Number of protein chains: 2
Amino acid sequence: MLGAVPDRLATALADVVGDGHVLSDADVVAGYTVDWTRRWRGPAALVVRPRSTAEVAEVLRVCRAHRVPVIPQGGNTGLVGGGVPSASGLGGFPVLLSLTRLADLDPVDKTAAQVTASAGVTLAHLQDAAKSAGLAFAVDLAARDSATVGGMVATNAGGIHVLRYGGMREQVIGLEAVLAAGQVISRLDGLIKDNTGYHLSGLLVGSEGTLGVVTRARLRLVPRLGERVTALLGLAGTAEAQAVVAALHRALSTLEAAEIFYPEGLDLVMAHAGLGAPLGRRWNAYLLIECADHTDPTEALADALASLAAAGGPAVASDGAAVASDAAGRAALWAYRERHAEAVNALGVPHKLDVTLPEARLAEFETSVRAVVASVAPAAQLVLWGHVGDGNLHVNVVGPPPDDERVDDAVLCLVAGLGGSISAEHGVGRAKMRWLGLTRSPAEIGVMTAIKNALDPDGLLNPGVLLPAALSL
Amino acid sequence: MLGAVPDRLATALADVVGDGHVLSDADVVAGYTVDWTRRWRGPAALVVRPRSTAEVAEVLRVCRAHRVPVIPQGGNTGLVGGGVPSASGLGGFPVLLSLTRLADLDPVDKTAAQVTASAGVTLAHLQDAAKSAGLAFAVDLAARDSATVGGMVATNAGGIHVLRYGGMREQVIGLEAVLAAGQVISRLDGLIKDNTGYHLSGLLVGSEGTLGVVTRARLRLVPRLGERVTALLGLAGTAEAQAVVAALHRALSTLEAAEIFYPEGLDLVMAHAGLGAPLGRRWNAYLLIECADHTDPTEALADALASLAAAGGPAVASDGAAVASDAAGRAALWAYRERHAEAVNALGVPHKLDVTLPEARLAEFETSVRAVVASVAPAAQLVLWGHVGDGNLHVNVVGPPPDDERVDDAVLCLVAGLGGSISAEHGVGRAKMRWLGLTRSPAEIGVMTAIKNALDPDGLLNPGVLLPAALSL
């Protein structure tokens, strides 16, 4: 395959993007071919960095002509190996298509409350631009400085505001994308209502680079809510946290985030980041909530919590709450939650299993997963956190070697047995491809495969991600 | 085609659904094969009324074996001929698949704020069930007593609350559907976050019965907001109405509806329904807005309107506003908007052209479309109304014969020229299929056709709707 024609491929790609943007030095390429966790890595022939949709289209045409698979990559903050090559060299030595140079961000359309962003725009850049226009971008997540619009679209990123605004799919009004044969489809007109045929933009969201390469997105913005309150509550357990969130969600229109973590994660973060304890004593579960509104939501939150306790729901103890309405105080509370990922990564290479459970099974899962991991990997460290309003827990296991999949298998089977999803917001990638059948039926996988074959008949785009690699390349 | 084997087909279908649910009497069949406007009608061999997903699957297998196309139909409130046969007999005499007997509505899951509804459940039934559980279903539209969940999913119905909650697509957590070969795909587990592969449910939403037959839907519910205020404002024109809505949308989290209509429509409704004038004098445009919250939103709305006027925006005159916070008063104001459709239908068979314009071109379109219609059909009556917050106008033309498409062509070309969409919320159906290329590129239509061929290779489902009928049947 590639071995025979690397120079001709590199030359043809350089003709498209310029010499300086075809990277083949092994050390440079290596920086692109390993993920943030260091668990997922594999060889690539070279890295190509186009600057525009037209260049992406031409790159795909060249790769197709050379029969070389393509791995699209954004900010490389994915956690399931969906943006790096396969360790097994499956599909040969692919071209890694970095989209970070597609960094144009159009002026915010204040009237429509929309903006058009190219794939390489970071989330932080997008958020800043929205803020400057008196608006906000509804999705937020801890990797905001690196994660890009293209990657977030391709993986249907979730984050901390899903319970109020939905995830990335709900923010996408339309997309521009390049399909495998180089065709460009473009729907950037910003029309909220457009019922003219299949929702191709929606199909590309979450398709993990296997159906097309997203190059631009027309995104909705939401009103900027300047008044916020953040509260960290200590509670007796997961079930109590769920009860609080359900009650607040019913009582308040302002609830924007509801995050959960546990003592072992808090200890790790405190040690890693040198932080003191947030509450006067230790609790079984920590619930971080945030409300936002045009007017100060602090009192309404306090009232809602008091009503809940009066109605027999979980009561918040006097030493079980830290509340902040100012930016610095809120950031200090958020740090306990947001620094979990880096604290875990500092322990070693984590197995990251991001899962959803039905509301009614979340607390049971939280208990069971501790037993399951202890049984399969007794020496491992298990750290859990997540978005309790969405039934979404991030299961982090440090200890087992990266290529030992026994703990992955045990956790994902537990999830499936409880009626959950093996991927809440990170996607399937390479990490979970072999477990897709746990929760997706043969009929569903058959339809997905039919769509993949219809749009990418040569199996050019991200082979081995989400679905098994086709054999035609 | 069918002519040769009608009895065998009827017998085979009766074996699936029972004799009483295969309707072949010409008068009975005729009741299903004409739409609400009376503009779209065509012949069908028979009507089949299954009771369950399994029966739908078997019906599709039987029809496929007999090589007879299938036209799925819900409440038959569609306006683009997507649920009735082709007048030209294109694709032969099809089977009309009525889904109204799939009428099961599961108990509301209050904890998750979700419900599972079968395709034949009416919107009104769904809304009542949600209300009984202390929740609400976010989509609302005037045809609520007839429109069904399946039809609303298949057409991605919009309605009056899109600016707050999105349309039908945003309410669908997952679907159960039968594909052309009888495979059932089912995703009713209610998991908000599930990033395991292509978003098949989202692809089926708005596919107008051409990719699969939706049999059940898992739907999100929203908190029931008991306090409401409705205001009818008289304004100088469309641009002023847009300015008011944009300002309210920024200032209030509670804005739920923003409807526009014009004097000629108001006159028609008043005459048809025997209603008095809503405001002390006549205005160029009427804006109906509704806010809803847990607490009374009336004062906040008044404040926001006063702030807008103080900031140099459109001022509401003292004789230019009617406000109601009680149910009867609100219903009286809504009647002026909601009775437009029946008032127009009483004039004759309307040409109904539901379109979206970019925010910046909506007022220009409102003026231009009057000139265009006057030029093409000088004797016609033109009545406009719509959802101003979404840039969505319903263009109704009464006068030209149903099969005279000159006015359709002129209006849709005007829309495309202004960067709009030829279908905001009704879909493409048979009515607009030939104009799809006005706003969808050859690349997009190519992808849609590839998906159609991948999922329905025999062209069994709703041939001639949305895309040209395939020739294989």
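The values are calculated or read from the model by the stated rules, or taken from the named source; none is laboratory data. Just so it is clear, the structure is predicted and the values come from calculations on it, not from any experiment. As a convention, Cβ positions derive from the backbone with ideal geometry for all residues, glycine included, and neighbour counts pool all protein chains shown. Quick note on the areas: whole protein, heavy atoms, side chains included, nothing else; ligands and nucleic acids left out. Shrake-Rupley method; radii C 1.70, N 1.55, O 1.52, S 1.80 Å.
Looking at the stretch B:409-471, the accessible area is 29 square angstrom per residue; that uses a 1.4 Å probe and ignores ligands, DNA and RNA. Of the three principal axes defined by the Cα atoms of the stretch B:86-238, the extents in descending order read 50, 42, 30 Å.
What the Cβ-Cβ distance of A:Ala328 and A:Glu264 gives, at R0 = 22 Å and to the nearest 0.05, is a FRET efficiency of 0.20. Taking the Cα centre of the stretch A:26-150 as reference, the dipole from Cβ charges on Lys and Arg (+1) and Asp and Glu (-1) amounts to some 380 debye.
With a 1.4 angstrom probe, the accessible area lost at the A-B interface totals about 5400 Å². When the alpha-carbon atoms of the stretch B:299-374 are used, the pair Rg, Dmax equals 17.1, 46 angstrom. Surface composition of the stretch B:222-371: carbon plus sulfur atoms hold 53% of the accessible area, using a 1.4 angstrom probe and ignoring ligands, DNA and RNA. Check each residue of the stretch B:93-114 and keep those whose accessible area, probe 1.4 Å, is at least 10 Å² smaller with all protein chains in place than in the chain alone; give them in order of residue number. By number: B:Lys110, B:Thr111, B:Ala112.
By the Kirkwood approach, averaging reciprocal distances over each pair of separate Cα atoms, the stretch A:329-410 gets a hydrodynamic radius of 13.5 Å. Counting Cβ atoms of other protein chains within 10 Å of each Cβ in A:450-459 and taking the mean gives 3. For the stretch A:23-133, averaging the sequence separation of C-alpha pairs within contact (under 8 Å, six or more residues apart) and dividing by the residue count gives a relative contact order of 27 percent. Scattering from the C-alpha atoms of the stretch A:207-328 alone, worked out with Debye: what is log10 I(q)/I(0) at q = 0.10, 0.11, 0.19, 0.20 1/Å? For the stretch A:207-328, the Cα-only Debye profile gives -0.40, -0.47, -1.01, -1.08. Ellipsoid semi-axes for the stretch A:334-473, based on the Cα gyration tensor and the rule √(5λ), read 29, 17, 15 Å when sorted largest first. Expressed in units of 2.2 N^0.38 Å, where N is the residue count, the Cα radius of gyration of the stretch B:381-461 is 1.27. Two numbers describe the Cα atoms of the stretch B:418-473: Rg and Dmax, which are 11.7, 38 Å. Rolling a 1.4 Å probe over the heavy atoms of the protein chains gives the stretch A:62-150 an accessible area of 34 Å² per residue. Only protein heavy atoms count here; under a 1.4 Å probe, B:Val316 has an accessible surface of about 50 Å².
Could you calculate, for the stretch A:240-388, the ratio of the Cα radius of gyration to the Kirkwood radius, expressed as Rg to Rh?
0.97
In units of 2.2 N^0.38 Å, what is the alpha-carbon radius of gyration of the protein assembly as shown?
0.94
Ellipsoid semi-axes for the stretch A:38-123, based on the Cα gyration tensor and the rule √(5λ), read 28, 17, 8 Å when sorted largest first. Do any of A:Lys110/B:Lys352; A:Lys193/B:Lys193; A:Lys193/B:Lys352; A:Lys452/B:Lys193 go past 28 Å between their Cα atoms, and which? Over 28 Å Cα-Cα: A:Lys110/B:Lys352.
Would you be so kind as to list the residues of the stretch B:179-218 that have their accessible area lowered by at least 30 Å² in the full protein complex compared with their chain by itself (1.4 Å probe)? Buried on complex formation: B:Ile185, B:Arg187, B:Leu191, B:Ile192, B:Lys193, B:Asn195, B:Thr196, B:Gly197, B:Tyr198, B:His199, B:Leu200, B:Leu203.
Counting only DSSP H runs of at least 4 residues, each contributing -39500 (n - 2.57), and dividing by the residue count of the protein assembly as shown, the helix-based mean residue ellipticity at 222 nm comes to -9500 deg cm²/dmol.
Computed over Cα pairs, the Kirkwood radius of the stretch A:130-180 leads via Stokes-Einstein (1.002 mPa s, 20 °C) to a diffusion coefficient of 180 µm² per second.
Return the Rg/Rh ratio of the stretch A:207-263 with Cα-based radii and a Kirkwood Rh.
My calculation of the ratio gives 1.15.
Distance between the pseudo-spin-label points of A:Asp104 and A:Ala133 (7 Å out from Cα toward the beta carbon): 1.5 nm. Find the all-direction average of the projected area of the Cα convex hull for chain A, expressing the result in square nanometres with one decimal place. Average projection, Cα convex hull of chain A: 22.2 nm². Computed across the stretch B:75-163, the Kirkwood hydrodynamic radius from all distinct Cα-Cα pairs reaches 14.2 Å.
Over the C-alpha trace of the stretch A:15-83, radius of gyration and Dmax come out as 12.4, 34 angstrom.
Each listed q (0.10, 0.11, 0.12 Å⁻¹) maps to a log10 I(q)/I(0) for the stretch A:158-267, found by the Debye formula over equal Cα scatterers with no solvent: -0.47, -0.55, -0.63. What a 1.4 Å probe finds exposed on the stretch B:1-119 is 51% carbon and sulfur by accessible area, rounded to a whole percent. May I ask for the Rg/Rh ratio of the stretch B:1-149, computed from Cα atoms with Rh as the Kirkwood radius, given to two decimals? Computed over Cα atoms, the ratio is 1.03.
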